[in-house]
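A short write-up of the structure that comes next.
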Amino acid sequence: MNRRRALATLGGVATTLAGYGALRVGDVRPYEPELGLPDGSANERVIAAARRLHAVDHRALIEVSVLDDGTDGAPYPSTRYLRVHEHSRRRQAAVFTTLRVPPGEPAPTTGGLYAHLHGSYAANSDRPLPVSSVIHVTDGTVLADWTADTPESADGVPEFDGADTARGANYGGRTLSFGEYVLPHRAEWRETDREDGDSGETITYLLDDRDGYAQVPPLTYAAEVHEGSRIAATLDVETGLLRSLHDHRVATKRVRDGEGGTTTRQFTYRIGTTFDRYGEASAPRPAGAPRGALDTRGAELYEDLRTY
């Protein structure tokens, strides 16, 4: 092989590798999810809808109100969680906002490490409430600002404060989940409503026995759930996708007792989750992120390239 041909071959290989790397880092992964309301039981339909949340781009807005906290201060809105899942590009963003901390600082109602860390920062921050945390995750990078300015609207995403934003490599891509909404379960739902509205036909299923309820939402921070707990799931009939979850939760949780120890107290929550922007949601990196040290950026690039 002469020198010119060898250089041309090497140039072609380099171009191919560069293009492959750009696709991997850019997370260009076209897909065509299978949709539709499946045949079978209500249980199978709800589980299928929950499974599709791991494949279809979407946005979820969770709004939590405390109906009873064991004092005379309830009811009041407590927390709000905005999660944007852009699975087609392997990137996700979240804004956790604490509006009011219940007495005793009980752990959050939603699962996931990020929600727990946000709750701890909000409860112990010198900033007046509300306090928000912003997180952005890709295969290679995790960015987190635990005490960001609260956005003006529920679905707004604030900018990072570069000075207070933590940045690091996402080793092994293990932190791409902000928590589950519905766990695999065997509980039996029953149909309670069908409605044909402007946005299409929906079907609603209800689960209101305690043992069945305890199988469905993540209850990581609840010591015990009680009678009166119930959850309703509304699905789109045409696509089989979740439109909303309405969770009425009566649970015992561990709280601080004010004397350096802990005790338990019963809480009643209203947890409403709406899902929208299916196939359209995007999670670009918010403005203001720090550039990061050279070794950090190198580790991020390596993790991004090696993680599918």
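Tell me, in nm to one decimal, what length is gained between A55 and E238 on full extension, where the rule is 0.36 nm per residue of separation less the Cα-Cα distance?
64.1 nm
Need the full-extension length gain, H246 to R190, defined as separation in residues times 0.36 nm minus the C-alpha distance. One decimal, nm. Walk me through the numbers on the way to the answer.
Details: separation 56, 0.36 × 56 = 20.16 nm, distance 1.46 nm.
The H246-R190 span can extend by a further 18.7 nm.
Calculate, axis by axis, the spread of Cα positions in the range 112-165 along the three principal axes, and write the results as whole Å, longest axis first.
Here the spans come out as 33, 23, 22 Å, largest first.
Starting from the 7 Å offset along Cα-to-Cβ, what nm value, one decimal, do you get for the label separation of L117 and E159?
Modelled inter-label distance: 2.3 nm.
Roughly how big is the range 40-299's charge dipole about its Cα centre, with Cβ charges of +1 (Lys, Arg) and -1 (Asp, Glu), in debye to the nearest 20?
860
Express the accessible area of the range 40-299 per residue in Å², computed with a 1.4 Å probe while the remaining protein chains stay in the model.
With the other protein chains kept in place, the range 40-299 gives 46 Å² per residue.
Along the Cα→Cβ direction, 7 angstrom out, place labels at S199 and L183. What is the inter-label distance in nm?
2.8
Can you bin the range 40-299 into rounded, prolate or oblate? Criterion: square roots of the alpha carbon gyration tensor eigenvalues sorted a ≥ b ≥ c, rounded for a/c under 1.5, prolate for a/b above b/c, oblate for the rest.
oblate
The values are calculated or read from the model by the stated rules, or taken from the named source; none is laboratory data. None of these values were measured; they are calculated from a predicted model. Positions of Cβ are generated from backbone atoms using ideal geometry, with glycine treated the same way; all protein chains shown enter the neighbour counts. SASA here: full protein model, heavy atoms, side chains in, ligands and nucleic acids out. Shrake-Rupley method; radii C 1.70, N 1.55, O 1.52, S 1.80 Å.
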